[in-house]
Amino acid sequence: MPQTLAATAAVELAVVERSGFIESRHSGAAVVLSADGVVSERLGDVDALILPRSSLKPLQALACMTAGAPLEGEQLVLATASHAGTDRHVSVVRDMLAAARLGEEDLGCPPAWPLDQATRDELVRDHSEPARIRMNCSGKHAAMLLTCVTTGWDPRGYLDPEHPLQVHIREVIERLIGEKVAATAVDGCGAPVYAISLLGLSKAIHRIGTASQTSPFALHRHAGTLVRAVREHPWAIDGPGRPDTVAIERLGVFCKTGAEGVMVMVARDGTTVALKMLDGSGRAATAVALRLLERVGALESSDVAEAMTRLPLSVSGGGKDVGAIRPAF
C-alpha cells in the first residue's frame, strides 16, 4: 500500500515551548531548491510520497487555464485558494459560477461553515446553515466547472478521476512534477488528489514560481500570470490575518498551505521550499518554511521576524502568552 515517509526517515522541524519546557515536537521532511532549481538542502526523506492536499491547487488551477478556462485576477486566485469563506470570497466564486451558467448546487464540494470566525458567527446569528460555496475549496470547484463548460466537457461527474477534466489535470501535474503519480486518493473536498514525492512537488512549485508571463510556452505564461495574480490579491488565497495571506503580503512570497502539514513557498528570487509535517499538523508549517528561506539568504531576517509576529504561533496559559511554536533550527 502506498504510504508517506516513516517516522525513522523524518527530522525534527519545529517544537512547541511552554514556560521554557519543550512540550511537543513536529517531525517531517523538507526540501530547499536554489533559485536555479538545484536541491540545496534535504531534511528527512524528500523522495518519499506525500499527498499534497491543497498545495496541489496551483497545479490544478494551471491545468484549468491550459484547458481554456478564462481565469484571471481574483477569480484565478480563488481557483488556487483555500479561502476563508468571507462574503468577499463567496462573491468571486459566484461570479465564476455565473460565467459557467451554473449554480451553487452544481458544486461537488461538501457544505461547510466558513473558516473566518466573524463570518461564521454572523451566519449563525442569521440561522444559516453550512453551504457548499462557503467551503474553502469552492473556488477550485467553480474553476473546474467553468473549465468543463468552456471546453465542452460534461460538468456532471467532473470529480471522477476518469473524467476528461481530471485526466487533463493529472497529465499537467505529471508534466510539472517530472514523474508519474503513484496513487490517486479522494481529497477532503471530493476532488482527486495524487500521491507524489515531496521533491517532485518542490520542482513543480519552483517551475510555477519562477515562470515568466512572456515565456514562449503557454504553460509557463499561465504560471507567471497565476503568481502575479496571487501577489496582487493575497487576501483571496486565504483570508485577512491568515497565514498564507500574511506571508504573501509581508514578504512577497508565493505560497500555498495544504492540509495534513504540507506547505510550498517560493521567494521572489526563485528559492523554493516544500515540506510535510509527519503528524499532519500545519501550525508550524509557515514559520518553518520562512526560516528555511531565511537561512539560505532568500529572505531578510528582519522581515521574517516581523512576519512571525503576525502568525498564530503563541502558546497561552492562564490567558497569557507563556511560550511559542517555533522552528527547531
Inset, instruction - Identify, by number, the condition in (1) closer than 18 Å to VAL77 by Cα; (2) over 23 Å from the mean Cα position of the chain (by Cα); (3) touching a residue at least 40 places away in the same chain (Cβ under 8 Å) that LEU145 doesn't meet. - result: (2)
Legend entry - Out of ALA81, ALA29, ALA69, sole residue that is crowded, with 24+ Cβ neighbours inside 10 Å, touching an Asp or Glu at 6+ places or on another chain (Cβ under 6 Å) and in contact (Cβ under 8 Å) with a residue 40 or more places away in the chain: ALA29
Inset, instruction - Could you please find all residues in the stretch 1-21 being out of contact with any helix residue (DSSP H, G or I) (no Cβ under 8 Å at 6 or more places or on another chain), part of a strand (DSSP E or B) and surrounded by 13 or more Cβ atoms within 10 Å (Cβ to Cβ)? - result: THR4, VAL11, GLU12, VAL15, VAL16, GLU17, ARG18
Inset, instruction - Might you check whether a residue that is aliphatic (A, V, I, L, M) and loosely packed, with under 14 Cβ neighbours inside 10 Å occurs anywhere in the stretch 308-328? - result: no
Inset, instruction - Could you tell me which residue of the stretch 184-201 is farthest from ALA81 (Cα to Cα), considering only residues that are part of a helix (DSSP H, G or I) and touching a Pro at 6+ places or on another chain (Cβ under 9 Å)? - result: LEU198
Legend entry - Near pairs, Cβ below 6 angstrom, 6+ apart or cross-chain, from the stretch 288-312 (among the basic types (Lys, Arg)) to any residue that is at pLDDT 95 or above and part of a helix (DSSP H, G or I): ARG310/VAL246
Inset, instruction - Filter the stretch 43-57 down to residues that are part of a helix (DSSP H, G or I) and among the charged types (D, E, K, R) and give me whichever is surrounded by the fewest Cβ atoms within 10 Å (Cβ to Cβ). - result: ARG53
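The values are calculated or read from the model by the stated rules, or taken from the named source; none is laboratory data. Because the structure is a prediction, the values reported are computed rather than measured. Quick reminder, even Gly has a Cβ in these numbers, built from the backbone with ideal geometry, and neighbours come from all protein chains shown.
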